[in-house]
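The values are calculated or read from the model by the stated rules, or taken from the named source; none is laboratory data. Everything numeric in this text was worked out from a predicted model, so none of it was measured. Counting neighbours? That spans all protein chains shown, and the Cβs are built from the backbone with ideal geometry, glycine included. When the accessible area is computed, the model is the full protein with side chains, heavy atoms only, and any ligands, DNA or RNA have been set aside. Shrake-Rupley method; radii C 1.70, N 1.55, O 1.52, S 1.80 Å.
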Amino acid sequence: MAPPNSFLWSRRIFLTLLTGFVLVPVYVMVSSSLKPLADVSGKFRWVPSGLTIRPYIDIWSTVPLARYFVNSLIVAGAATVCSVVIAVFAAYAVSRYEFRGKRTFTVTVLSTQMFPGILFLLPLFLIYVNIGNATGIALFGSRGGLILTYLTFSLPFSIWMLIGYFDSVPRDLDEAALVDGCGPLGALFRVVVPAAIPGIVAVAVYAFMTAWGEVLFASVMTNDTTRTLAVGLQGYSTLNNVYWNQIMAASLVVSVPVVAGFLLLQRYLVAGLTAGAVK
């Protein structure tokens, strides 16, 4: 039975409004990034009077955007690799083996997601400062300290996601690999990991996106040398002026790696999230 015309038109109107709600901010960003500063600072015009690519050139000299870009790539990439590697081993152990404290471990991993990030900011700051004073290892103001900080909230979620995904992989595959002469690690890397690629990709994308756009910890745990993109964008706002066109241009440039990675890995991401959510 075909749906009534009122339902079809209501759906079309709703989808049109939703599309406009999503695309209008993108249009404002793109158009503002192509305007001279005088046009952006004045009354907003939906149709620009003139277009220029100068803001995309000036963003690299107004602030050291290239250095911030490299810092973000290193921090987000290292946090992603560490989260995926540790989460694969931890989730495989929880999914395939029985051991004392297993339930306590899984509940603890999941419960860490209940607390806001700002709750850990001051304790981590004090820990890093005290470690630096006692051992000389500079965690505060370093990329390594920021990577460890991001692991505190990306790793628990990654483990929880992969536990659900590994549970959906039949145990018969592990047993067949063991019969063929593989050890536990051989079964993991030759059988389970290839079957769990969508879930691993979903975890990697989550960890990267979390580290790439994080502001709270990066604004406290970094200095001028280790500052990341999310915090470095504040440099376009000075005491004398706010370079709105460069802010919009830099925001678009910053979002390119995340958007490109999401579009390339969308198929794996959707499969991994849906499979890991159902046991």
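Under a 10 Å cutoff between Cα atoms, tell me which one of 78, 134, 66 has the largest fluctuation in the Gaussian network model of the chain.
Top of the fluctuation ranking is 134.
Can you give the Rg to Rh ratio of the chain, both from alpha-carbon atoms, with Rh computed by the Kirkwood formula? Numbers along the way, then the final one.
On the way: Rg = 23.5 Å, Rh = 22.1 Å.
My calculation puts Rg/Rh at 1.06.
How much length, in nm to one decimal, is gained on full extension between residue 54 and residue 102, taken as 0.36 nm per residue of separation minus their Cα-Cα distance? Please report the intermediate quantities before stating the final value.
Numbers: separation 48, 0.36 × 48 = 17.28 nm, distance 5.74 nm.
So the extension gain works out to 11.5 nm.
Can you give me the angle between helix 102-111 and the longest principal axis of the chain, using Cα atoms only, in degrees from 0 to 90, rounded to the nearest 10?
The two axes meet at around 10 degrees.
With r defined as the distance between the Cβ atoms of residue 138 and residue 224 and R0 fixed at 22 Å, what FRET efficiency is calculated, to the nearest 0.05? Each step should come with its number before you reach the end.
On the way: r = 15 Å, r/R0 = 0.66.
With R0 = 22 Å, the Cβ-Cβ based efficiency is 0.90.
State, to one decimal in nm, how far the label point of residue 112 lies from the label point of residue 259, with both points 7 Å from Cα in the Cβ direction.
3.3 nm
Quick one: if you stick a label point 7 Å off each Cα along the C-beta vector at residue 61 and residue 14, how many nm between them?
Taking the two extended label points, one gets 5.2 nm.
Suppose the chain between residue 185 and residue 24 were pulled fully straight at 0.36 nm per residue; how much longer would it get relative to their current alpha carbon spacing?
Numbers: separation 161, 0.36 × 161 = 57.96 nm, distance 5.02 nm.
Contour length minus the Cα-Cα distance gives 52.9 nm.
Would you pull out the residues with amide H under 5 Å of residue 242's amide H, same chain only if 5 or more places away, H placed 1.01 Å from N?
For residue 242, no residues qualify.
When only the heavy atoms of the protein chains count and the probe is 1.4 Å, how do 214, 175, 98 rank by accessible area, highest first?
Working: 214 25, 175 105, 98 155 Å².
Heavy-atom accessible area, descending, gives 98, 175, 214.
Calculated FRET efficiency, residue 238 and residue 86, Cβ-Cβ r, R0 41 Å, to nearest 0.05? Provide the component values of the computation, followed by the final result.
Numbers: r = 41 Å, r/R0 = 1.00.
Efficiency computed from Cβ-Cβ geometry: 0.50.
On average, how much accessible surface per residue is there in the stretch 61-180, in Å², for a 1.4 Å probe, leaving out ligands, DNA and RNA? Write down the numbers at each step before the final one.
Details: 6420 Å² over 120 residues.
Solvent-accessible surface per residue comes out at 53 Å².
If we sort 232-238, 108-114 on the protection proxy, mean other Cβ atoms within 10 Å, highest first, what's the order? Don't skip to the answer; put the middle values down first.
Numbers: 232-238: 17.0, 108-114: 12.4.
In decreasing order of mean packing, 232-238, 108-114 become 232-238, 108-114.
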